[in-house]
Amino acid sequence: MTTTTRRSFIKGATLGAGALAFPCIGATAFAQDLHVMSYGGSAWLGHYPAYLASKNGGFKKEGIDLKWESFGTSSSRMSALMAGNIDIAGTGAVSAIALMARGARQFYVIGVPENFGRVEGLFVRTGINTIQDLKGKTIGTTFASSAHMLVLDLLATNGLVPDKDINIVNVSAPELPAAIKSGQIDACATWTPYFNNISAMADMKLLADDTAFSLFKEFGVTPGPDVLVVRKSFADKNPQAVKQFAKAYFSACASLRDTPEAAAPVLVALTNLSSEDQLQTIKDADWYDRASQQALLADGAKFVTGLQKLADMLVTYKQIDHAPKVSDWVRSDFI
């Protein structure tokens with residue numbers, strides 16, 4: 001795929017959503033006093049905290065009535081946020097940085113839910129043992145995603161050139177298990193729950209996960225770390241509601257870290273994973289609670305520096321035209 005097409009994928013994301021209102025807890029009179037907020041999510045683990053807090057009453061306790069909107073990609077989720085169709089969302093940083101590069105000021109980055117480095121990676125068929133062995137092969141991944149960035153980084157650090165040494169094709173994450181099983185592609189890079197589906201296949205092995213990404217060891221940044229974003233106009237008008245959302249959200253992050261066995265049965269309805277896979281997926285992520293946020297997002301923090309390095313890398317790989325100053329979008333005061 002050409003550079004132009006890759007850029008178009010980021011810049012021309014289309015909106016697709018399905019609304020789901022979570023059931024209210026408590027009396028109707030109480031529900032009328034709640035602050036209604038709409039959240040953009042999916043079955044990806046970065047949305048576990050919002051789903052868990054919706055189901056266990058965490059948001060209701062903090063005065064939030066959360067409406068859930070489902071999106072297939074971070075790009076479509078960010079499009080909805082920019083359009084004012086949702087108020088708050090979890091998203092991959094790549095999509096957020098792409099919008100920053102275009103000068104979009106309609107959102108803030110206000111939190112970091114987790115590090116998912118062990119549940120996203122590059123799978124290959126048996127017999128492929130190194131990145132060099134992929135020369136002449138076809139890799140499937142979802143363009144403009146964290147998995148796509150992982151592939152580009154792994155190829156670059158091993159001296160391989162996309163579209164010359166290796167063919168990279170754009171395949172949506174839900175379609176990757178079928179594509180690799182049918183032999184249409186030789187390797188694929190994706191995230192949970194599709195990561196789990198492919199991991200269970202005979203003949204497939206994990207060649208590298210996000211801990212192999214070049215920015216991970218120094219900055220703790222994966223190819224597209226999850227961030228919590230809020231629509232600027234909503235946050236400016238309702239700062240207390242955003243703070244109450246964050247309180248419940250990061251309490252759920254702490255629950256995922258400290259009591260994963262209790263969280264797993266709630267989440268299987270969202271992910272359709274087996275109970276065993278669901279529990280392991282929670283445990284494979286490092287969950288950040290509320291107290292961790294200042295260290296992650298404060299001025300000069302290693303994580304924010306890593307996001308800036310990621311923006312620079314997106315320019316290098318021709319995903320965006322120029323690197324924005326990421327810290328201009330970061331607001332840690334809501335946490």
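The values are calculated or read from the model by the stated rules, or taken from the named source; none is laboratory data. Source: prediction; values computed, not measured. Positions of Cβ are backbone-derived with ideal geometry, glycine not excepted, and every protein chain shown enters the neighbour counts. Each accessible area value is taken on the protein alone, full model and side chains, heavy atoms only, with ligands, DNA and RNA left out. Shrake-Rupley method; radii C 1.70, N 1.55, O 1.52, S 1.80 Å.
Observations on the structure shown:
- Percent antiparallel among DSSP beta bridges (both partners in the chain, rounded to 5): 60 percent
- Gyration tensor over alpha-carbon atoms, the stretch 44-131, equivalent ellipsoid semi-axes in Å: 29, 20, 11
- Pairs from LYS283/LYS325; LYS55/LYS302; LYS67/LYS247; LYS237/LYS283 whose Cα-Cα separation, in the structure shown, is over 27 Å: LYS283/LYS325; LYS55/LYS302; LYS237/LYS283
- Student exercise, the chain dipole from Lys, Arg, Asp, Glu Cβ charges, in Debye to nearest 20: 680 debye
- For the stretch 120-198, alpha-carbon Rg over 2.2 N^0.38 Å: 0.97
- Euclidean distance of C-alpha centroids, the stretch 286-329 and the stretch 143-161, integer Å: 18 Å
- Assuming charge only on the beta carbon of Lys and Arg (+1) and of Asp and Glu (-1), the dipole of the stretch 198-335 about its Cα centre is about 560 debye to the nearest 20.
- Share antiparallel - DSSP beta bridges, the stretch 82-194, percent rounded to 5: 40 percent
- Within-11-Å neighbourhood charge of ILE180 [Cβ basis; K, R +1; D, E -1]: -1
- Cα-based helix-to-principal-axis angle, 239-258 vs the chain, degrees rounded to 10: 60 degrees
- Built amide H within the under 5 Å cut-off of LYS67, gap 5+: MET37, SER38, TYR39
- Shape summary of the stretch 136-250, radius of gyration then Dmax from alpha carbon positions: 17.8, 54 Å.
- Dimensionless Rg/Rh of the stretch 168-212 - Kirkwood Rh, Rg from C-alpha atoms: 0.91
- To the nearest ten degrees, helix 74-83 and the longest principal axis of the Cα atoms of the chain are 40 degrees apart.
- Portion, in percent, of the accessible area of the stretch 65-195 that falls on carbon or sulfur, probe 1.4 Å: 47 percent
- Of ALA101, ALA323, ALA291, the residue with the greatest mean-square motion in the GNM of the chain, using alpha carbon springs below 10 Å, is ALA291.
- Placing unit charges on the Cβ atoms only, positive for Lys and Arg and negative for Asp and Glu, gives the stretch 71-135 a dipole magnitude near 180 debye about its Cα centre.
- Recomputing percent of Cα pairs over 39 Å apart from the coordinates shown identifies the correct label among [x] 22; [y] 10; [z] 17 as [y].
- The chain - mean residue ellipticity at 222 nm from DSSP helices (-39,500 (n - 2.57) per run, n ≥ 4, rounded to 500): -11500 deg cm²/dmol
- Accessible area in square angstrom per residue, the chain, 1.4 angstrom probe: 40 Å²
- Compactness of the stretch 213-335 - radius of gyration and Dmax, Cα, Å: 16.6, 45
- Proximity of backbone amide H atoms, modeled 1.01 Å from N, is registered between GLY117 and ASP286 at under 5 Å, excluding neighbours fewer than 5 places apart on the same chain.
- Reachable aspartates and glutamates from LYS61, criterion Cα separation under 14 angstrom, eight or more residues apart if same chain: ASP33
- Note: relative contact order over the chain, using C-alpha pairs below 8 Å and six or more positions apart, is 25 percent.
- Helix 302-316 axis, angle to the chain major axis (alpha carbon atoms, nearest 10°): 50 degrees
- Residue (of ALA147, VAL169, VAL109) at the positive-pole extreme of the chain, dipole from beta-carbon charges: VAL109
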